[in-house]
Amino acid sequence: MSDHDTRARANRAGILAMVAAMGFFVVNDTLVKVVSQSLPAAQLIFIRSAMASLLVLTVVLATGARSHIREIGRGWVLVRAGLDAVSTLLFLVSLFHLPIATATSIISSAPLVIALLAAFTLGERVPAAVWLATAAGFGGVLMIVQPDAGALNPYAAVCFASTCIVAVRDLITRRVRDAVPSIVITLSTALAVTLLALVLSAFEGWRPIGARDLAMLAAAAICLAGAYVMIVRSTRRGDLSVVGPFRYSQLLFAVVVGYLVWGDVPNPLAWCGLALLVVSGVHVLRASRRPGVSSRPGD
């Protein structure tokens, strides 16, 4: 088999892993959004994240990554985990009050925010085409959110705040040593989300949890852990310029699930916004070609 065939095969495997990861993320989001109707946000996030932490820890202990487990509480890994925990809480709170396709669209604009931050804080040279794509992408987000007479939905603003923190997190990720395995970084995030949710739950209070809700949170934890593993597999097997654009498959999944579960159907303007966001985001991703653990919060 030629090098070209080997690379093509690896890219196909990477694409499938990326699409699977995005599907897992959306199923996770769907399950926690359903459970949020009967449980306080902090409580359900704590339970789901604690389960996910145990699953990710199992993967770490079962692989060679266990020798790096002490990195969880050190330096940039710890800073990144703190940012990811805050962004996750903000994203999930917004998700509980927005259509799933809307929340997913806003968080999908993270590569656009990263391009802006890289230009203004790191002094990276950004081509004019990327500036235009970034502006078009944010225009697409506004077409999806559709603020009424200039009044932005406060939960859309919360979701965008989460997106900005995700962008900062990804810039911080560049400072993490390459020797630290991605799954260890994932574990640090899962633990940070668990601890933050536990603290917040003390102020929000707890409710009795039924078997149905517990089963749904367990399924969400499995999906979340599966998404983390698939993200790592995708970025290690395929070229980022090839597999990266398939992150936007989560928008399709979110639209389908939103319709099947809640009957949400984007209007024509929102469809145009979705298309604009995808095209601009793909252009920015291809232009940057920088690896990362995930373009979403560690939800």
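Nothing in this text is a laboratory measurement; each read-out follows from the coordinates by a stated rule. In this text the structure is predicted, and so the values were computed from the model without any measurement. All Cβ positions, glycine included, derive from the backbone under ideal geometry; neighbour counts span all protein chains shown.
Can you tell me the FRET efficiency between Thr58 and Val265 if r is taken as the Cβ-Cβ distance and R0 is 35 Å, rounded to the nearest 0.05?
The formula returns an efficiency of 0.30 here.
Please list, by residue number, every one of the trypsin sites (Lys or Arg not before Pro) in segment 72-156 that is coil in DSSP and has at most 10 other beta-carbon atoms within 10 Å.
Here the sparse-neighbourhood loop sites are Arg125.
Which order do Val86, Val256 fall in if you start with the one that has the fewest other Cβ atoms within 10 Å?
Least crowded to most crowded, the residues run Val256, Val86.
For the chain, what is the relative contact order in percent, using Cα pairs closer than 8 Å and at least 6 residues apart in sequence?
That works out to 43 percent.
Convex hull volume of the Cα atoms in the chain, per residue, in Å³?
Considering the Cα atoms of the chain, their hull volume per residue is 147 Å³.
List the extent of the Cα atoms of segment 8-67 along each of their three principal axes, largest first, rounded to whole Å.
The Cα atoms of segment 8-67 stretch 46, 30, 10 Å along the principal axes, largest first.
Say the dipole of the chain comes from +1 at the beta carbon of Lys and Arg and -1 at that of Asp and Glu; which of Phe138, Ala218, Gly64 then lies farthest toward its positive end?
Gly64
So what's the Cα pair-distance distribution over segment 77-192, bin width 10 Å, in %?
Histogramming segment 77-192 at 10 Å steps yields 13, 39, 34, 13, 1, 0 percent.
To the nearest 20 debye, what is the magnitude of the charge dipole of the chain about its Cα centre, counting +1 on the Cβ of each Lys and Arg and -1 on the Cβ of each Asp and Glu?
Once rounded to the nearest 20, the dipole reads 820 debye.
Once you've got the GNM for the chain with C-alpha springs shorter than 10 Å, pick whichever of Leu252, Leu117, Leu260 has the biggest mean-square fluctuation.
Fluctuation is largest for Leu260.
By how many nm would the segment from Leu142 to Val279 lengthen if fully extended, with 0.36 nm per residue of separation less the alpha-carbon distance?
47.8 nm
So what is the diffusion coefficient of segment 186-257 in µm² per second by Stokes-Einstein at 4 °C and 1.567 mPa s, using a Kirkwood Rh over Cα pairs?
86 µm²/s
Mean Kyte-Doolittle of at least 0.5 plus a Cα span of 24 Å or more along the axis: flag which DSSP H helices in the chain meet both, please.
Within the chain the helices that satisfy the rule are 3-35, 41-62, 75-95, 128-145, 154-173, 182-204, 211-237, 268-288.
Regarding segment 141-206, what are the three Cα extents along the principal axes, ordered largest first, in Å?
50, 35, 14
Restricted to Cα positions, what overall size does segment 51-134 have along the principal axes? Three whole-Å values, descending.
Taking max minus min along each principal axis of the Cα atoms, segment 51-134 gives 46, 35, 19 Å.
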